[in-house]
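The values are calculated or read from the model by the stated rules, or taken from the named source; none is laboratory data. Nothing here was measured: the structure is a model prediction, and the numbers come from that model. No Cβ is skipped: glycine too gets one built from the backbone with ideal geometry, and neighbour counts run over all protein chains shown. Each accessible area value is taken on the protein alone, full model and side chains, heavy atoms only, with ligands, DNA and RNA left out. Shrake-Rupley method; radii C 1.70, N 1.55, O 1.52, S 1.80 Å.
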Amino acid sequence: MSITGYDEKRADEGSVEKYGADVDSSPVVAGPEHRFDVASIDVVQRRLKQRHVQMIAIAGTLGTGLFLGSGHALSGAGPLGALIAYGLVGTVAYASLCSIGEMTSHAPISGTFPHFAARWVDPALGFAVGWNYFYTNVVSVPVEISGAQILISYWDTNTNHTGLYTAIIAVSVCAINIFGVRWFGEAEFVFSLIKLIMITGLILLGLIIDLGGGPDHHRLGFQYWKNPGVLAGAGLEPNYPSLDRFLGIVSVLVQAAFSFQGMEIVAIAASETENPRRNIAKAVRRVFYRICIFYMLGVFVTGLLVPYNDPSLLQSTGTAAQSPYVIAMTRAGIKILPGIINGGVMTSAFSASNSFLFSSSRILYGLALRGQAPRFLTYCTKQGLPIAAVLFSAAFAFLSLMNISSGAATVFNWFVNLSTVGGFFGWASINLTYIYFYRGMQYQGIDRKQLHYWSSLQPYLSIWGLVWCIIFIVVNGFWVFWDFNASDFLTCYINIPIFFGLYFFWKFLKKTKVWKPEEMDFVTGIPTVEETEGPIEPPHTLPEKIAAILF
């Protein structure tokens with residue numbers, strides 16, 4: 001480590017007020033071997049506008065996990081059990097986003113949380129988190145493409161068309177990302193708007209049906225909370241009902257977590273966002289309300305509409321037919337809306353594949369910038385698009401064609417299942433990195449309250465998030481111990497040794513060490529506020545004022 005004088009950009013931070021009387025006022029600057037300053041080769045451009053980021057933050061992760069997966073959660077744990085599970089996971093998602101929001105507010109740069117882990121915890125952790133998160137996202141691209149194709153089968157049941165639909169969706173997803181981040185932003189803005197309208201409409205329609213406003217005028221109220229009840233059992237311990245109901249909630253925790261994962265995309269996009277500090281701060285502050293309104297209220301309403309023991313909930317059609325909302329509408333005599341909902345869910349699956357491809361390419365690009373991935377992946381076009389990383393990631397989209405062959409589909413599904421724990425490792429690393437970030441800022445006397453975003457609940461939020469992420473990883477495949485077989489066990493838990501294998505591989509190869517608070521670099525390669533934030537332009541017209549409130 002070397003200690004140098006502060007550069008002109010941060011001359012004001014060398015005061016006693018910032019650093020404290022007993023701390024050296026000179027900032028810590030890491031050596032060039034760590035490649036923290038990559039400004040000369042990082043040429044992505046800030047082309048995502050405020051409305052893009054805010055709409056992605058509000059509705060970007062609303063997808064099949066909520067629209068279709070809420071039915072599995074209801075059948076697995078009952079209405080109250082599902083609500084408890086989604087509420088608990090919601091707090092972990094909120095903790096993770098608050099943590100990454102604060103770190104991004106300080107450093108809105110390429111590489112995002114894998115780089116933060118390498119910068120403030122251990123370079124080996126950054127390597128492991130980055131490649132693990134890349135794999136998790138890049139494999140999710142063909143999964144969502146396959147999901148979108150299955151949703152099309154709601155209208156066209158001819159299996160001979162499966163390959164054609166899959167290819168069209170895959171090419172479309174790749175094209176949006178290849179055309180540039182502006183196209184991605186516009187596409188996600190439209191998709192998020194559709195999802196926002198749909199979930200709002202479903203919640204309102206669900207309440208109307210529950211209160212007897214449907215064509216059959218049958219008022220449901222809370223009758224399904226009384227019969228069959230509020231908690232469902234997992235079916236693993238029928239002789240011990242209380243334990244079985246508890247296991248039911250545990251089984252839904254994983255399903256709920258999948259519905260929330262992906263919220264961190266706003267931070268991943270920070271290096272390509274206009275006024276990133278201001279926009280990320282605004283996005284994170286709105287997440288709490290988004291979780292309460294869309295996720296919690298959405299799951300609550302599904303518990304009013306359909307009993308948890310309804311046979312229709314157990315049908316894994318992959319289309320809107322398995323959605324609790326569609327089941328309730330069909331029984332209430334509403335005929336046209338299920339097809340419209342299926343179309344909306346299909347756009348959600350398409351949007352998810354689009355977002356996963358964006359995230360995986362930017363994580364890969366960030367790894368390449370710091371020498372943790374091949375150098376050719378840093379190549380960008382004149383418009384600032386990391387085209388090499390995008391094309392490399394886009395190639396995985398065509399793995400979705402494996403689902404056409406039954407033999408290849410088995411292999412494909414096995415690879416997919418290996419990635420299921422990856423999101424939990426991502427959240428865990430975000431919270432762990434924040435704890436180190438908090439200690440380093442405190443030790444070096446840097447005032448967090450000077451950031452565009454900071455949370456008064458930290459560091460307790462990140463500790464809460466980290467503990468629960470570890471629990472999620474451990475209980476991910478708990479059911480396998482009731483009917484043990486090696487294949488299921490490996491599928492559920494092999495990602496753990498893979499992650500630690502990546503960590504120790506880089507640690508021994510590069511002989512890295514865990515950063516001490518006095519060694520952490522909060523300066524190198526991080527742009528100043530003046531470099532990233534433009535002047536605030538107040539709205540003048542009525543449409544501009546409405547847009548300012550919404551976005």
request  = Rounded, prolate or oblate: pick one for the chain, where a ≥ b ≥ c are the square roots of the eigenvalues of its C-alpha gyration tensor, a/c under 1.5 means rounded, and failing that, prolate if a/b is larger than b/c, else oblate.
outcome  = prolate
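Which value in deg cm²/dmol, rounded to the nearest 500, describes the helix-derived mean residue ellipticity at 222 nm for the chain, given -39,500 (n - 2.57) per DSSP H run of n ≥ 4 and division by the residue count?
Values: 23 runs with 333 residues, N = 551.
Calculated from helices alone, the mean residue ellipticity at 222 nm is -19500 deg cm²/dmol.
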Descending Cα extents along the principal axes, the range 298-396, whole Å = 58, 25, 21
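Can you work out D for the range 219-306 in µm² s⁻¹ from Stokes-Einstein, where Rh is the Kirkwood radius over C-alpha pairs, the temperature is 37 °C and the viscosity is 0.692 mPa s?
204
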message = If you fit an axis through the alpha-carbon atoms of helix 406-418 and take the longest principal axis of the Cα set of the chain, what angle between them do you get, 0 to 90°, nearest 10?
response = 50
inquiry  = With θ taken as phi - 60° and the coefficients 6.51, -1.76 and 1.60, list the Karplus ³J(HN,Hα) couplings across the range 42-51 in order, rounded to whole Hz; mark glycine and proline as x.
reply    = 8, 10, 5, 10, 7, 10, 7, 8, 4, 5
Accessible area (Å², per residue) of the chain, counting only protein heavy atoms and a probe of 1.4 Å = 41
key: Built amide H within the under 5 Å cut-off of Gly214, gap 5+   = none
note = For the range 498-544, the percent of accessible surface on carbon and sulfur atoms (probe 1.4 angstrom, ligands and nucleic acids excluded) is 69
ask   = If one takes the longest principal axis of the Cα atoms in the chain, at what angle in degrees, from 0 to 90 and to the nearest 10, does the Cα axis of helix 422-443 lie?
value = 30
inquiry  = Heavy atoms only, 1.4 Å probe, whole protein assembly: order Trp131, Trp464 by accessible area, highest first.
reply    = Trp464, Trp131
ask   = Taking amide H positions as placed 1.01 Å from N in the peptide plane, with prolines and chain starts having none, which residues 5 or more places from Asp122, or on another chain, fall under 5 Å of its amide H?
value = Trp515
ask   = Can you list the HN-Hα couplings for the range 134-147, worked out from phi with the Karplus curve (6.51, -1.76, 1.60; θ = phi - 60°), rounded to whole Hz and with x for Gly and Pro?
value = 4, 4, 4, 6, 5, 6, 5, 4, x, 4, 5, 5, 5, x
query = Over what distance in Å are the Cα centres of the range 454-482 and the range 256-311 separated?
reply = 18
request  = About the Cα centre of the chain, how large is the charge dipole given +1 on each Lys and Arg Cβ and -1 on each Asp and Glu Cβ? Please answer in debye to the nearest 20.
outcome  = 440
remark   = Using alpha-carbon positions, the gyration tensor of the range 479-551 gives root eigenvalues a ≥ b ≥ c; with a/c under 1.5 called rounded, otherwise prolate if a/b exceeds b/c, else oblate, the class is oblate
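Given Cα pairs under 8 Å that are at least 6 residues apart, what percent is the relative contact order of the chain? Could you put the intermediate results ahead of the total?
Numbers: 907 pairs, mean separation 178.5, N = 551.
Relative contact order for the chain comes out at 32 percent.
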note = Calc'd 3J(HN,Hα), the range 508-525, phi into Karplus 6.51 cos²θ - 1.76 cosθ + 1.60 (θ = phi - 60°), Hz, glycine/Pro = x, comes to 6, 5, 9, 6, 6, 9, 6, 5, 8, x, 6, 9, 5, 9, 9, 10, 4, x
Under the Debye formula (equal points on every Cα, no solvent term), log10 I(q)/I(0) of the range 201-241 at q = 0.15 Å⁻¹ = -0.52
task = Using a/c under 1.5 as the rounded threshold, could you call the range 54-154 rounded, prolate or oblate? The axes a ≥ b ≥ c are square roots of the C-alpha gyration tensor eigenvalues, and prolate needs a/b larger than b/c, oblate otherwise.
result = prolate
ask   = Looking at the chain, which longest stretch skips every one of the trypsin sites (Lys or Arg not before Pro) that is in a DSSP loop with at most 15 other Cβ atoms within 10 Å, leaving the sites themselves out?
value = 1-218
